[in-house]
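Novice: Have a look at this one before I ask anything.
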Amino acid sequence: MTDITAPSPPAAGDRYVLNPMYLFRWEPTQDAHVLLYPEGIVKLNQTAGDIIARCDGHRTVADLVGELQQRYPGDDERVTEGVYKFLEVFRAKGWIRRQA
Amino acid sequence: MPKDGSVVRLDGQGKPLWLVLELTYRCPLKCPWCSNPVDYARDGEAELSTAEWKRVMREGRELGALQLGFTGGEPLLRDDLEELVADASALGYYTNLITSGVGLTEERLAALKAAGLNQIQLSLQSSDRELTDTLVGARAFDLKLKVAHQIKAQGFPMVLNVPVFRHNIGQVADILALAEQIGVDYLEFANIQYYNWAMVNRDELLPTREQIAAAEREVQAARERLGDRMTIYFVIPDYYEGRPKACMNGWGSIHLTIAPDGAAMPCQEARIIQGLEFPTVRDNSLAWLWNESPTFEKFRGDAWMSPTCRSCDEKEKDFGGCRCQAFLMTGDAANTDPACSRSPHHHLIGEAIARAHAPGRKVQPLVMRNDGNSRRLAQGGQGGGGAGTGCGSGAARVEVDHV
């Protein structure tokens with residue numbers, strides 16, 4: 001189900017899903033989205049939260065880029081780059097998994 | 001959009017992000033590296049009641065706590081564990097159960113799942129039945145394996161915690177194979193930290209530098225082989241690092257532990273430090289204990305630091321190391337942690353290693369954690385006590401990221 005072979009960069013048609021080990025939710029005391037996992041906490045900034053909220057196994061990377069471009073209008077190229085970079089970093093950290 | 005996914009440390013903004021409840025010091029096992037106080041068996045205050053623990057959890061959440069650990073002793077010895085887990089879930093905590101597995105049944109697992117428990121950390125001491133049972137002083141190996149499979153069958157994320165010391169450090173490869181077979185999500189090899197019972201038994205438990213290096217090579221090979229399937233932590237023993245651990249991300253920074261009698265502590269071991277008072281949640285609000293009590297204020301910031309630490313360019317990184325270790329080895333909790341190579345007391349670490357591995361040293365029997373030994377050690381002046389996770393992993397791994 002998940003990629004355990006050598007990781008490749010995200011592709012437009014890839015779908016990502018939150019690692020089921022992680023709990024993702026809004027935390028009012030931090031005024032931020034957080035990822036909670038066994039004995040760990042990650043506080044996410046707004047864009048990181050925007051991206052992970054959309055890693056639902058249905059949206060493709062292209063869908064995700066489109067939505068983020070609408071949400072952060074003005075510099076589509078930078079948004080695209082940011083999404084691809086974040087997805088790669090998040091996958092490397094184990095927070096999200098690419099669906100086969 | 002931010003430029004990249006760089007990670008910086010989150011300081012907690014003064015909030016006790018981690019709340020650890022030591023529900024009881026009672027335990028069916030007798031592990032000789034236990035991080036509970038050596039004098040746990042002395043007459044003391046009764047354990048907090050269900051209602052008192054609930055109040056602690058509510059006040060902790062109000063202070064911004066996110067992670068909640070149920071530990072002991074063996075927390076399953078509390079009949080109200082399921083009730084407390086349900087309450088914690090409703091409050092919005094991520095709930096961790098830290099257990100030996102003794103007392104965990106299909107029924108209790110199902111009840112804990114229904115109560116909203118998020119994850120279970122199970123301890124395992126060896127891949128060998130006989131050695132496990134000898135080390136923990138009970139027939140536990142078969143039960144632990146059975147429970148491990150049941151935990152996975154219930155769909156819990158699972159951390160297998162392996163305290164590492166001289167007797168089991170050669171079994172890393174076998175333990176990895178066992179963990180793989182069980183389907184463990186996180187495997188934590190935690191070189192034990194030398195406080196309390198582990199300190200009593202240090203000469204017998206401390207591995208050699210070569211043993212640690214060999215174990216680490218096995219872990220690295222497994223990481224390459226297993227990829228994303230299992231996350232493997234290897235908690236380095238600070239005795240061999242030359243750098244002190246950033247203990248608890250700093251004293252009174254993000255971590256708050258409540259002992260069975262309600263004493264509030266910045267870490268599970270802090271009662272070791274003589275001269276500090278540990279007021280309880282019975283007499284005080286959690287907000288006062290965290291924000292204002294002199295004990296929590298004592299080692300915040302850098303005013304308390306020795307010149308060695310205050311002038312050090314790494315003080316924001318390791319906060320001077322561990323206050324408890326500084327006290328245990330130098331007699332002054334404000335000293336630089338002797339695990340630091342810049343500490344004027346660093347030679348004490350080298351001497352401890354040399355003593356544990358002196359040629360011709362006579363092997364002593366392990367002093368098991370039990371009531372008789374506890375009373376004997378209490379009379380012998382060992383201790384003031386501390387408190388702990390009961391698995392010897394201490395507080396070495398605390399992860400808080402900010403992206």
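Novice: Could you pull out the residue among B:176, B:135, B:160, B:145 that is aliphatic (A, V, I, L, M) and within 14 Å of another protein chain (Cβ to nearest Cβ)?
Specialist: The unique qualifying residue is B:160.
Novice: From the set of residues in the stretch B:79-103 that are β-branched (Val, Ile, Thr) and under 22 Å from residue B:29 (Cβ atoms), which is nearest to the other protein chains (Cβ to nearest Cβ)?
Specialist: B:98
Novice: Answer yes or no as to whether residue A:46 is at the interface with chain B (Cβ under 10 Å from one of its Cβ atoms) and surrounded by fewer than 21 Cβ atoms within 10 Å (Cβ to Cβ).
Specialist: Judged against the criteria, residue A:46 is a match.
Novice: OK, next. Would you pick out the residues in the stretch B:292-317 that are within 28 Å of residue B:202 (Cα to Cα) and buried (at least 22 other Cβ atoms within 10 Å of the Cβ)?
Specialist: B:299, B:309
Results for (1) within 20 Å of residue B:102 (Cβ to Cβ); (2) at pLDDT 95 or above; (3) buried (at least 17 other Cβ atoms within 10 Å of the Cβ), shown as yes or no for each residue.
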{"position": "B:139", "(1), (2), (3)": "yes, yes, no"}
{"position": "B:144", "(1), (2), (3)": "yes, yes, yes"}
{"position": "B:150", "(1), (2), (3)": "yes, yes, yes"}
{"position": "B:157", "(1), (2), (3)": "no, no, yes"}
{"position": "B:160", "(1), (2), (3)": "yes, yes, yes"}
{"position": "B:164", "(1), (2), (3)": "no, yes, yes"}
{"position": "B:169", "(1), (2), (3)": "no, yes, yes"}
{"position": "B:174", "(1), (2), (3)": "no, yes, no"}
{"position": "B:179", "(1), (2), (3)": "yes, yes, yes"}
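Novice: Looking only at the stretch B:38-90, count every residue that is polar (S, T, N, Q) and within 22 Å of the chain's Cα centre (by Cα) and tell me the total.
Specialist: Selection size over the stretch B:38-90: 2.
Novice: Is there a residue in the stretch A:10-24 that is β-branched (Val, Ile, Thr) and surrounded by fewer than 19 Cβ atoms within 10 Å (Cβ to Cβ)?
Specialist: Looking for residues that are β-branched (Val, Ile, Thr) and surrounded by fewer than 19 Cβ atoms within 10 Å (Cβ to Cβ), one finds at least one in the stretch A:10-24, hence yes.
Novice: Within the stretch A:69-80, take every residue that is surrounded by 15 or more Cβ atoms within 10 Å (Cβ to Cβ) and at the interface with chain B (Cβ under 8 Å from one of its Cβ atoms) and give me the one that is nearest to residue A:16 (Cα to Cα).
Specialist: A:79
Novice: Still on this structure: Regarding the stretch B:209-220, can at least one residue be identified that is modelled with pLDDT of 95 or more and touching a Cys at 6+ places or on another chain (Cβ under 7 Å)?
Specialist: Within the stretch B:209-220, none of the residues are modelled with pLDDT of 95 or more and touching a Cys at 6+ places or on another chain (Cβ under 7 Å).
Novice: So which pairs qualify, if the first residue must be in the stretch B:277-289 and of a type in the set (Lys, Arg), the second must be crowded, with 21+ Cβ neighbours inside 10 Å, the Cβ gap must be under 7 Å, and the two must be at least 6 apart or on different chains?
Specialist: What qualifies is B:282/B:262.
Novice: Name the residues in the stretch B:301-330 that are part of a helix (DSSP H, G or I) and without any contact (Cβ under 8 Å) to a residue 40 or more places away in the chain, would you?
Specialist: Correct list: B:307, B:308, B:309, B:310, B:315, B:316, B:326, B:329, B:330.
Novice: Test of understanding: among B:305, B:368, B:329, which residue is within 30 Å of residue B:28 (Cβ to Cβ), at pLDDT 95 or above and away from chain A (no Cβ under 14 Å)?
Specialist: Being within 30 Å of residue B:28 (Cβ to Cβ), at pLDDT 95 or above and away from chain A (no Cβ under 14 Å) holds for just one of B:305, B:368, B:329, which is B:368.
Novice: Determine, yes or no, whether residue B:64 is in a loop (DSSP other than H, G, I, E, B) and within 14 Å of chain A (Cβ to nearest Cβ).
Specialist: Yes: the conditions hold for residue B:64.
Novice: Also: Name the single residue that is nearest to the other protein chains (Cβ to nearest Cβ) among those in the stretch A:11-43 being in contact with a Leu (Cβ under 7 Å, 6 or more places away or on another chain) and touching a residue at least 40 places away in the same chain (Cβ under 8 Å).
Specialist: Among residues in the stretch A:11-43 that are in contact with a Leu (Cβ under 7 Å, 6 or more places away or on another chain) and touching a residue at least 40 places away in the same chain (Cβ under 8 Å), the one nearest to the other protein chains (Cβ to nearest Cβ) is A:42.
Novice: In addition: For the stretch B:360-379, name all the residues that are under 23 Å from residue B:325 (Cα atoms) and not in a helix (DSSP H, G or I).
Specialist: B:366, B:367, B:368, B:369, listed by residue number.
Novice: In the stretch A:81-92, what residues are of a type outside the set (Phe, Trp, Tyr), surrounded by fewer than 19 Cβ atoms within 10 Å (Cβ to Cβ) and either in contact (Cβ under 8 Å) with a residue 24 or more places away in the chain or not in a helix (DSSP H, G or I) (or both)?
Specialist: Scanning the stretch A:81-92 gives A:88, A:92.
Novice: Report whether or not residue B:252 is within 28 Å of residue A:37 (Cα to Cα), free of Cβ contacts under 8 Å to residues at least 12 places away in the same chain and either out of contact with any strand residue (DSSP E or B) (no Cβ under 8 Å at 6 or more places or on another chain) or assigned to a loop (DSSP other than H, G, I, E, B) (or both).
Specialist: Considered against the rule, which asks whether it is within 28 Å of residue A:37 (Cα to Cα), free of Cβ contacts under 8 Å to residues at least 12 places away in the same chain and either out of contact with any strand residue (DSSP E or B) (no Cβ under 8 Å at 6 or more places or on another chain) or assigned to a loop (DSSP other than H, G, I, E, B) (or both), residue B:252 comes out as no.
Novice: Just to be sure I understand, how many residues within the stretch B:186-203 are of a type outside the set (D, E, K, R), farther than 8 Å from residue B:33 by Cα and either within 14 Å of another protein chain (Cβ to nearest Cβ) or in contact with a strand residue (DSSP E or B) (Cβ under 7 Å, 6 or more places away or on another chain) (or both)?
Specialist: Count: 5.
Novice: Tell me which residues, restricted to the stretch A:49-63, are buried (at least 16 other Cβ atoms within 10 Å of the Cβ), part of a helix (DSSP H, G or I) and either more than 9 Å from the chain's Cα centre (by Cα) or facing chain B (nearest Cβ under 8 Å) (or both).
Specialist: A:61
Novice: A follow-up question, please. Could you say whether any residue in the stretch B:346-359 is in a loop (DSSP other than H, G, I, E, B) and touching a Gly at 6+ places or on another chain (Cβ under 9 Å)?
Specialist: Yes, there is a match, as at least one residue in the stretch B:346-359 is in a loop (DSSP other than H, G, I, E, B) and touching a Gly at 6+ places or on another chain (Cβ under 9 Å).
The values are calculated or read from the model by the stated rules, or taken from the named source; none is laboratory data. Bear in mind the structure is a predicted one, so any value in this text is a computation, not a measurement. Counting neighbours? That spans all protein chains shown, and the Cβs are built from the backbone with ideal geometry, glycine included.
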